[in-house]
1. For the range B:220-254: of the residues being assigned to a strand (DSSP E or B) and either touching a helix residue (DSSP H, G or I) at 6+ places or on another chain (Cβ under 7 Å) or surrounded by fewer than 15 Cβ atoms within 10 Å (Cβ to Cβ) (or both), which is nearest to the other protein chains (Cβ to nearest Cβ)?
2. Looking for whichever is surrounded by 12 or more Cβ atoms within 10 Å (Cβ to Cβ), modelled with pLDDT of 70 or more and more than 12 Å from chain A (Cβ to nearest Cβ) here; the options are B:142, B:158, B:166. Which one fits?
3. Looking at this structure, is residue A:45 away from chain B (no Cβ under 11 Å), in contact (Cβ under 8 Å) with a residue 24 or more places away in the chain and closer than 28 Å to residue A:153 by Cβ?
4. Restricted to the range B:74-111, and to residues that are more than 30 Å from the chain's Cα centre (by Cα) and without any contact (Cβ under 8 Å) to a residue 24 or more places away in the chain, which residue is farthest from the other protein chains (Cβ to nearest Cβ)?
5. Please verify whether residue A:72 is in contact with a strand residue (DSSP E or B) (Cβ under 7 Å, 6 or more places away or on another chain), closer than 22 Å to residue A:134 by Cα and not assigned by TED's automatic domain parsing to the domain that holds residue A:179, treating the condition exactly as stated.
6. Residues B:10, B:46: which one is in contact (Cβ under 8 Å) with a residue 60 or more places away in the chain and farther than 30 Å from residue A:181 by Cβ?
7. I'd like to check something: does the range A:51-60 contain any residue that is assigned to a loop (DSSP other than H, G, I, E, B) and more than 14 Å from chain B (Cβ to nearest Cβ)?
8. Any residue that is modelled with pLDDT of 90 or more, farther than 19 Å from residue A:17 by Cα and away from chain B (no Cβ under 14 Å) - is there at least one of those in the range A:144-158?
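The values are calculated or read from the model by the stated rules, or taken from the named source; none is laboratory data. Predicted model, so just to flag it, every value in this text is computed and none were measured. All Cβ positions, even for glycine, are placed from backbone atoms using ideal geometry, and neighbour counts span all protein chains on display.
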């Protein structure tokens, strides 16, 4: 048995599942303009997008800048008990009922959250100044960086490793739009069958 | 700030169960440097499509104190006395790692990781390999049919779904629960409906102590309640990797079938009421079969599936997981 992916000079399939720490480490996000505004009371930041666009990655990266803030990942059916915290980070806020959300709004000064649906009206009514950021990595060069960073992260040793070029990124965009998770799934299958170090093709 | 570099080296990369991994951790520092702990850890971890699982962790503390500028080496040895064996599949991979970390106060920890392969010794196979976290299979053949009241379990999902829709303002989630519960309930009772024609079907699978290359005895018997024709009947031995990625509503289950051996059963296709039917077959577990492996989010499973296709009537379908020992 050979060491895994040694024929590609990699340690593992770069498009397999990463743990949250690794995702934070590899996040390519644009949060420069919003990175300080949560320190101001009464601000709500919502990261808006469909599944698989990178909302959680954005929220995790922002949370890196506020390590003291409470971070909660909400699963369907969860009924978290929201004690008062200055800043709450809520992943998948739509998984709690409107009644619970109102309770959350009363118990926090500022909020950052991910959501599929625009909650600005509701947040405004609760007294927040709302900053909405639609998450979409549609820029070819950013996507190229995101994917090549993941390949680099799985590097085994010195020397060449497979590379993703702009032609491949454009083909993936034609197939999947801005759905990064589907692109990653496609690339996972590609790397399972890749026989040698080369530019990756669709 | 001082610069600290940690490198692990071993004599070889491939080991058998019971082997000792010998090596050294080299530390290079360019200025005086305090180290709260230099720890070497051995562990296995999965990688691939599922959330990462790990286990078998064992730690050695190699150093604590202050390094002056220079290079230091610390010898270590670990005995590889438990599984799982290294495995490289499609959605699931299992590998063993040596992980060294120097905990340096007020600085980023210096670390290194080295991957090793734990292989089965085909010439001298080990009888009982620990580390697979599987429950023991029984000694007696197992009947596939008998699930008793468990068949009503999916109705609980239907009830929960309805409650979520009515009382918790969660119509979409509630509807998904209710529909999934209804489909699962039908899947479970469809064999019971099929038995209105077939009579009670009993399948016996000899599950005790199965390993790669072994034969699995399989027997099916029933006494039809009516004269009945069938389109086809077969038994399958499936080997699958089941990897779960994400969590909560973002959970995705990825299934990859790496072995699918289908054998036709019941040579005839029409049966008379009241005449007992009995058929025996042997399934063969391939010589290179991956052992069963079950940890949260990553499973390598072996299943015997029996299907009887009845024209214009629900099919009789049932399955049983079997344990393939390492």
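1. B:253
2. When all the criteria are applied, what remains is B:158.
3. Yes: the conditions hold for residue A:45.
4. So, considering only residues that are more than 30 Å from the chain's Cα centre (by Cα) and without any contact (Cβ under 8 Å) to a residue 24 or more places away in the chain, the one farthest from the other protein chains (Cβ to nearest Cβ) is B:106.
5. Considered against the rule, which asks whether it is in contact with a strand residue (DSSP E or B) (Cβ under 7 Å, 6 or more places away or on another chain), closer than 22 Å to residue A:134 by Cα and not assigned by TED's automatic domain parsing to the domain that holds residue A:179, residue A:72 comes out as yes.
6. B:10
7. No, that holds for no residue.
8. No: zero hits.
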